[in-house]
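Notes for the one structure printed next.
The values are calculated or read from the model by the stated rules, or taken from the named source; none is laboratory data. From a predicted model like this one, the values you see are computed outputs, not experimental measurements. Please note: Cβ atoms are built from the backbone with ideal geometry, for glycine as well, and neighbour counts cover all protein chains shown. Surface areas here come from the heavy atoms of the whole protein model, side chains and all, with no ligands, DNA or RNA. Shrake-Rupley method; radii C 1.70, N 1.55, O 1.52, S 1.80 Å.
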Amino acid sequence: MTAPIETTGPAANAQPEAVLKGVESKQIEGRSLGRIAWTRFKRDKVAVAGGVIVVLLILIAALSRPIQSLLGLDPNAFNQDLIDPNTTLPKGGFGGMSWDHPLGVEPKFGRDIFARIIEGSWVSLVVAFGATVLSNAIGAVLGVVAGYYGGRVDTVISRMMDTFLAFPLLLFAIAISATLQGGAFGLEGLPLHISVLIFVIGFFNWPYMGRIVRGQTLALREREFVDASRGMGARGPYILFKELLPNLVGPIIVYSTLLIPTNIIFEASLSFLGVGIQPPQASWGGMLNQAVDFYQVDPQYMVVPGLAIFVTVLAFNLLGDGLRDALDPRSH
């Protein structure tokens, strides 16, 4: 016969060891998915460095005009006194670098390179962000519709994606940009050039986002929360925009950070070919175009805008890789 178990005394009030340790140290606290992702992101020092550079670039682009006014810079001011009339090259070494012109001046005209780099930053980022927003909006909506409804809807949208991906985008962008240089849609000059670049780059890049969103939607539409919404009588549009799209924010953000540098390079390429941003407006691609004639005798003029593009693209790529690892629960 076993002895009866005591139900009184100190043993009756004993608590599990884990509970006692939690009470003695600190209260156990739950964390949201956003907080977990932020903790994971902070551990990636390279991604954090990329994020800091991206924030600085955005601030410089947003405050380019106040910065130029504060420092007394004019990206279009000619400084012929700094140019050797015999060679049309900047006086002094390293492209005419000095305290007044820390990155030197451009050949022939003597315009300040530092001022033109700052002026060109907002153009590149406006085009890149605008094109990314346009392609994401089209791709996300059509991708989630194709993935959720399937059948003929999926077939039609998928064939549209294949058709757009088959376009020779660079040649098509050159043709459209060159055709609309004079004026169109009530716009002319810089607003027209920026609008055309945003439309061309964004409209023909949406299939990449559409394919990503479609693949994620095919997996999400079989989840329990979608079945529960259907069981409660929710219709397709509600499920698409209230249930599925909020769960696709992570992949959309990650792909956006990787698409922005691609759009920056695309805009610089079109400006380099002479069908993007037109002078006298400063642009990084346009500066590279003008530096082609001088790179052997004044490499400074080509190195500076090339480094600006390189650092910007690298920073966005590092940030995108870090966000992808932080938002993916399966990564280590």
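Just a few scattered comments:
- Of everything in segment 275-290 that is polar (S, T, N, Q) and open to solvent by 40 Å² or more (accessible area, probe 1.4 Å), the residue that is nearest to H193 (Cα to Cα) is Q278.
- Considering segment 30-73, the residues that are outside any helix (DSSP H, G or I) and aliphatic (A, V, I, L, M) include one that is surrounded by the fewest Cβ atoms within 10 Å (Cβ to Cβ), namely L63.
- Residues of segment 250-274 that are open to solvent by 70 Å² or more (accessible area, probe 1.4 Å) and among the aliphatic types (A, V, I, L, M): I253, I265, L273.
- Only one entry in V213, V200 is open to solvent by less than 20 Å² (accessible area, probe 1.4 Å) and in contact with a Gly (Cβ under 8 Å, 6 or more places away or on another chain), namely V213.
- Residue count for segment 74-123 satisfying the condition of being in a loop (DSSP other than H, G, I, E, B), among the polar types (S, T, N, Q), over 16 Å from M287 (Cβ atoms) and open to solvent by 60 Å² or more (accessible area, probe 1.4 Å): 2.
- Checking each residue in segment 268-310 for being outside any loop (DSSP other than H, G, I, E, B) and aromatic (F, W, Y) picks out F272, W284, Y301, F310.
- Being open to solvent by 40 Å² or more (accessible area, probe 1.4 Å), more than 27 Å from P251 (Cα to Cα) and within 23 Å of the chain's Cα centre (by Cα) holds for only one residue in L190, L171, and it is L190.
- Remark: pairs (first residue in segment 192-219, more than 27 Å from I174 (Cβ to Cβ); second residue among the aliphatic types (A, V, I, L, M) and open to solvent by less than 60 Å² (accessible area, probe 1.4 Å); Cβ separation under 7 Å; 6+ apart in sequence or on different chains) = V213/A140; V213/V144; V213/L248; R214/A146; Q216/L248; T217/V144; T217/L244.
- Filter pass, A308 being in contact (Cβ under 8 Å) with a residue 40 or more places away in the chain and under 15 Å from V123 (Cα atoms): yes
- Scanning segment 291-332 for residues that are polar (S, T, N, Q) and buried (at least 20 other Cβ atoms within 10 Å of the Cβ) yields a total of 2.
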